[in-house]
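Report on the structure given below.
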């Protein structure tokens with residue numbers, strides 16, 4: 001059946017469809033034989049393009065939005081200067097700092113109107129610490145700046161920020177550990193510090209406040225008892241110069257501080273016990289007091305560490321974090337199409353003037 005025959009047959013049948021109430025106004029014919037499988041007759045097919053490739057979209061960059069608010073990667077906070085205050089000593093040309101200390105000495109004798117016995121003197125020592133200077137280099141090119149500017153990033157400002165962060169991070173590290181090879185020590189490794197205590201055994205087992213799964217395994221009373229032992233050691237070391245009213249700092253890791261939320265059977269947690277018994281105690285947490293691990297490379301291999309520090313005894317401070325140059329920006333050097341600038345700093349580490357005011361415990 002060709003197209004003419006198919007069209008005639010549809011004209012005859014459409015009258016009968018209309019009588020039945022079926023109306024198909026757009027139909028003109030039945031499909032002739034062969035039309036159903038001959039795709040050359042598909043008049044709605046995509047025509048062949050002569051010069052370009054098929055495409056129905058725009059480049060993805062035109063539908064990509066860059067958030068104008070730039071976030072910065074975060075680091076563990078620098079806490080050394082919250083434990084002991086930070087001070088400048090000398091300038092960047094100074095290699096060594098001398099720390100004079102005097103000790104009263106003498107002897108008494110029986111009184112006599114004509115006696116001339118008895119004497120007093122003063123002994124002087126001059127312990128020393130050595131400075132360590134360190135630096136970073138900022139460098140950037142003109143094209144580099146413009147490319148960053150196209151992305152709405154202030155590249156020079158970011159480099160300035162990075163230089164400040166790196167210098168402060170290193171200073172903070174030296175305040176805890178000093179610099180190897182120099183008379184430059186930190187709060188955790190000064191050779192004059194007293195030996196650390198061991199925590200008391202816990203009912204759960206072992207001496208740590210945590211079990212192997214990272215759960216708090218010590219009771220509130222057991223945790224407070226360890227702090228009590230540390231305070232008792234501090235009183236003993238100081239010959240009674242330290243008492244409960246003394247301004248003190250309890251320094252430990254953030255995980256160890258979290259254990260202070262442990263509550264006893266009277267609904268009193270460790271923090272409450274510390275506030276009641278040591279009214280002038282500050283608690284400062286720093287990651288350097290935590291366990292050495294891949295995620296905490298500045299930690300302590302022997303386990304979680306804790307220090308109790310009397311800030312001042314008889315008007316004399318325990319110590320301070322010392323630097324001779326905080327951040328020195330050297331001259332900007334222009335090259336052909338780039339710039340360089342050195343930024344430097346200097347540190348003495350932690351200068352501890354009297355270490356009998358510090359007691360420590362390891363393995364909590």
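Tabulated data for the structure shown
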{"quantity": "Selection status of residue 204, more than 28 Å from the chain's Cα centre (by Cα) and assigned to a loop (DSSP other than H, G, I, E, B)", "calculated": "yes"}
{"quantity": "Hits in the range 165-184 (condition: out of contact with any strand residue (DSSP E or B) (no Cβ under 6 Å at 6 or more places or on another chain) and part of a loop (DSSP other than H, G, I, E, B))", "calculated": "180, 181"}
{"quantity": "Number of the condition not met by residue 148 [criteria: (1) within 24 Å of residue 286 (Cα to Cα); (2) free of Cβ contacts under 8 Å to residues at least 40 places away in the same chain; (3) touching a helix residue (DSSP H, G or I) at 6+ places or on another chain (Cβ under 9 Å)]", "calculated": "(1)"}
{"quantity": "Answer from 187, 193 - the residue that is in a loop (DSSP other than H, G, I, E, B), under 30 Å from residue 326 (Cβ atoms) and under 24 Å from the mean Cα position of the chain (by Cα)", "calculated": "187"}
{"quantity": "Residue 256 vs. criteria part of a helix (DSSP H, G or I) and within 24 Å of the chain's Cα centre (by Cα)", "calculated": "yes"}
{"quantity": "Check on residue 135, closer than 30 Å to residue 94 by Cβ, assigned by TED's automatic domain parsing to the domain that holds residue 86 and part of a loop (DSSP other than H, G, I, E, B)", "calculated": "no"}
{"quantity": "Residue within the range 271-290 that is within 20 Å of the chain's Cα centre (by Cα), assigned to a loop (DSSP other than H, G, I, E, B) and in contact (Cβ under 8 Å) with a residue 60 or more places away in the chain present", "calculated": "yes"}
{"quantity": "Members of the range 217-251 that are touching a helix residue (DSSP H, G or I) at 6+ places or on another chain (Cβ under 6 Å), part of a helix (DSSP H, G or I) and under 14 Å from residue 360 (Cα atoms)", "calculated": "237"}
{"quantity": "Residues within the range 65-102 that are part of a loop (DSSP other than H, G, I, E, B) and in contact with a helix residue (DSSP H, G or I) (Cβ under 9 Å, 6 or more places away or on another chain), tallied", "calculated": "8"}
{"quantity": "Checklist (1) part of a helix (DSSP H, G or I); (2) touching a residue at least 60 places away in the same chain (Cβ under 8 Å); (3) surrounded by fewer than 18 Cβ atoms within 10 Å (Cβ to Cβ) applied to residue 162, failing item", "calculated": "(2)"}
{"quantity": "Residue match in the range 111-131 (condition: farther than 30 Å from residue 286 by Cα, in contact (Cβ under 8 Å) with a residue 40 or more places away in the chain, in a strand (DSSP E or B) and over 23 Å from the mean Cα position of the chain (by Cα))", "calculated": "no"}
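Yes/no per residue for (1) part of a strand (DSSP E or B); (2) touching a strand residue (DSSP E or B) at 6+ places or on another chain (Cβ under 6 Å); (3) surrounded by 19 or more Cβ atoms within 10 Å (Cβ to Cβ):
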position: 328; (1), (2), (3): yes, yes, no
position: 336; (1), (2), (3): no, no, no
position: 340; (1), (2), (3): yes, yes, no
position: 364; (1), (2), (3): no, yes, yes
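The values are calculated or read from the model by the stated rules, or taken from the named source; none is laboratory data. Quantities reported herein were computed from a predicted structural model and do not represent experimental measurements. Every residue, glycine among them, receives a Cβ derived from its backbone with ideal geometry; neighbour counts consider all protein chains shown.
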